[in-house]
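Engineer: Dumping the structure here so I can ask a few things about it.
The values are calculated or read from the model by the stated rules, or taken from the named source; none is laboratory data. For clarity, every value in this text was computed on a predicted model and none was experimentally measured. For neighbour counting, all protein chains shown are included, and Cβ atoms are generated from backbone atoms with ideal geometry for every residue, glycine included. Ligands, DNA and RNA are excluded from the accessible area calculation, which covers all protein heavy atoms including side chains. Shrake-Rupley method; radii C 1.70, N 1.55, O 1.52, S 1.80 Å.
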Amino acid sequence: MNALGYDSRSFRRTRTRSLIQLGGLIEKAELLETFQISLGTDLQKDPDQKEPVAALFKGLLVLNELANSNDTNLSLWARQGLEKLKKSKL
């Protein structure tokens, strides 16, 4: 933390901002609709959200395995992702 020049408060703020941005990417990728996850509910307390959240989590674990495999070209994924992001801003 200190090696990056952050104190604990600014680190927490930066971390929170990153987590919010990651949530925005999940929404932009339309994963909320795919997994039928409702915004505005407490995902940990709402029993109706337990299975959809667990399914999304498993999907993210599979994505992590795929990204770490030797057959995956992350540079290609990055280029393709940037193209999609540019198109989605229109």
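Engineer: Which sequence of D71, D42 reflects their accessible areas, 1.4 Å probe, from the largest down? Write out the running numbers ahead of the final one.
Structural biologist: Values: D71 150, D42 70 Å².
Reading off the accessible areas and sorting them downward yields D71, D42.
Engineer: May I pose another question? Put +1 on the Cβ of every Lys and Arg and -1 on every Asp and Glu Cβ in the chain; which of L31, G59, T16 then has its Cα farthest towards the positive end of the dipole?
Structural biologist: T16
Engineer: Net charge near G23: determine it from the other residues with C-beta under 15 Å of the C-beta of G23, scoring Lys and Arg +1 and Asp and Glu -1.
Structural biologist: On the way: positive: R15, R17, K28; negative: E27, E30, E33, D42.
With Lys, Arg at +1 and Asp, Glu at -1, the net is -1.
Engineer: Let me ask another. Give, as a single signed number, the net charge of other residues whose beta carbon lies under 10 Å from the beta carbon of Y6, with Lys and Arg counted +1 and Asp and Glu -1.
Structural biologist: In short, +3.
Engineer: Something else: Which entries of K28/K84; K28/K89; K58/K87; K28/K86 show an alpha-carbon separation above 20 angstrom in the structure shown?
Structural biologist: K58/K87
Engineer: Taking the Cα centre of each part, how many Å lie between region 9-30 and region 43-90?
Structural biologist: For region 9-30 versus region 43-90, the Cα centre distance is 14 Å.
Engineer: In addition: So which residue, out of A67, A54, A78, gets the largest mean-square fluctuation from a GNM of the chain using Cα contacts under 10 Å as springs?
Structural biologist: A78
Engineer: Give the Cα extents of the chain along the principal axes, in whole Å, largest first.
Structural biologist: For the chain, the Cα spread along each principal axis is 42, 35, 33 Å.
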